[in-house]
1. Name the residue that is farthest from the chain's Cα centre (by Cα), counting only residues in the range 287-299 that are in a helix (DSSP H, G or I) and closer than 25 Å to residue 124 by Cβ.
2. In the range 228-283, which residues are assigned to a strand (DSSP E or B), surrounded by fewer than 18 Cβ atoms within 10 Å (Cβ to Cβ) and touching a residue at least 40 places away in the same chain (Cβ under 8 Å)?
3. Looking at the structure I just gave you, is residue 292 in contact with a helix residue (DSSP H, G or I) (Cβ under 9 Å, 6 or more places away or on another chain), surrounded by 19 or more Cβ atoms within 10 Å (Cβ to Cβ) and within 22 Å of residue 12 (Cα to Cα)?
4. Counting only residues that are closer than 20 Å to residue 49 by Cβ and in contact with a helix residue (DSSP H, G or I) (Cβ under 7 Å, 6 or more places away or on another chain), how many does the range 225-262 have?
5. From 25, 75, 47, 58, grab the single residue that is on the phi > 0 side of the Ramachandran plot and within 16 Å of ligand 2 (Cβ to nearest atom).
6. Looking at (1) within 13 Å of ligand 1 (Cβ to nearest atom); (2) out of contact with any helix residue (DSSP H, G or I) (no Cβ under 7 Å at 6 or more places or on another chain); (3) not in a loop (DSSP other than H, G, I, E, B), which is the only condition residue 105 fails?
7. Filter the range 89-102 down to the residues that are more than 16 Å from ligand 1 (Cβ to nearest atom) and over 17 Å from residue 273 (Cα atoms), then identify the one that is surrounded by the most Cβ atoms within 10 Å (Cβ to Cβ).
Ligand SMILES: [Zn+2]
Ligand SMILES: [Zn+2]
């Protein structure tokens with residue numbers, strides 16, 4: 001099979017590999033689409049805590065098990081520990097992730113546990129099914145923060161993940177507001193924001209008053225200033241890691257103390273949040289096509305990495 005292998009930092013090479021043989025309890029998946037994550041580009045550029053090289057990257061995968069359309073939950077958990085038994089398998093101590101610890105979806109075939117495969121609704125295009133993983137991460141974060149109907153939710157970052165947080169928040173009856181400094185990016189999501197009543201910080205009235213919850217779908221240290229926008233007892237979910245702490249960190253921690261704010265983290269997604277994501281993608285597939293900014297073949301991906309790093313577009317999808 002053809003596979004794109006990250007040999008070292010900044011060195012992606014198209015290779016010929018043996019097709020993976022499924023072991024016991026596993027299935028072979030023919031990859032249909034694998035969408036490119038900013039994390040893939042970051043790993044290419046500077047590595048990652050969970051990355052072992054050489055590696056086939058790619059963790060946002062849709063494909064076929066024989067003729068069945070499936071999306072791939074990219075985790076491999078033990079299935080037996082207390083976290084796995086509670087459905088919090090993303091916290092399993094022996095968790096390994098496709099495209100990080102194990103070979104991922106920038107290849108023609110994968111072998112994965114059958115239990116990691118989720119059925120794709122018949123009316124959902126496979127390129128959108130590949131987005132079930134990032135949307136699943138957003139839904140998982142909303143679950144972590146317990147976002148409910150009528151709550152005001154502040155979201156830093158108007159890229160794909162910020163919009164997915166807004167979509168999920170709106171679906172729960174909450175009122176999302178985006179903070180995105182890039183006007184061009186805001187322009188690209190205008191139809192979506194209008195359709196789903198997502199406010200933006202461009203409109204000062206949207207920022208008035210306090211928020212019940214805030215999320216950062218961007219890694220800039222200033223995103224943590226969202227603490228100050230929370231009502232007493234409000235929740236801040238660290239959805240993206242921060243590049244560094246802002247100089248104002250001590251004052252922000254004082255806010256946490258005096259106003260009894262809650263700080264929580266969210267990393268990855270569970271099978272159940274991915275299954276919920278597939279239903280939501282199917283329900284709104286007609287409104288989400290704009291998220292696919294570019295389709296490309298595996299041969300073209302290495303050259304496109306700097307563009308992914310720049311983060312000017314929504315999703316790039318590798319089609320097989
Ligand atoms: Zn991702
Ligand atoms: Zn486990």
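The values are calculated or read from the model by the stated rules, or taken from the named source; none is laboratory data. Here the structure is a predicted model, which is why all the values come from computation and not from measurement. Don't worry about glycine lacking a Cβ; one is built from the backbone with ideal geometry, like all the others, and counts go over all protein chains shown.
1. Here the answer is 298.
2. Selection gives 264, 265.
3. Details: in contact with a helix residue (DSSP H, G or I) (Cβ under 9 Å, 6 or more places away or on another chain): yes; surrounded by 19 or more Cβ atoms within 10 Å (Cβ to Cβ): yes; within 22 Å of residue 12 (Cα to Cα): no.
In short, no.
4. Start the filter on the range 225-262 by keeping residues that are closer than 20 Å to residue 49 by Cβ, which leaves 237-245.
Filter once more, so that each one left must be in contact with a helix residue (DSSP H, G or I) (Cβ under 7 Å, 6 or more places away or on another chain): 237, 239, 242-245.
Looking only at that region, the number is 6.
5. 25
6. Residue 105 satisfies every listed condition except (3).
7. By that ranking, first place goes to 94.
To keep it simple, each residue is scored yes or no on (1) away from ligand 1 (no atom under 13 Å from the Cβ); (2) under 21 Å from the mean Cα position of the chain (by Cα); (3) exposed (fewer than 14 other Cβ atoms within 10 Å of the Cβ).
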{"site": "52", "(1), (2), (3)": "yes, yes, yes"}
{"site": "57", "(1), (2), (3)": "no, yes, no"}
{"site": "65", "(1), (2), (3)": "yes, no, no"}
{"site": "87", "(1), (2), (3)": "yes, yes, yes"}
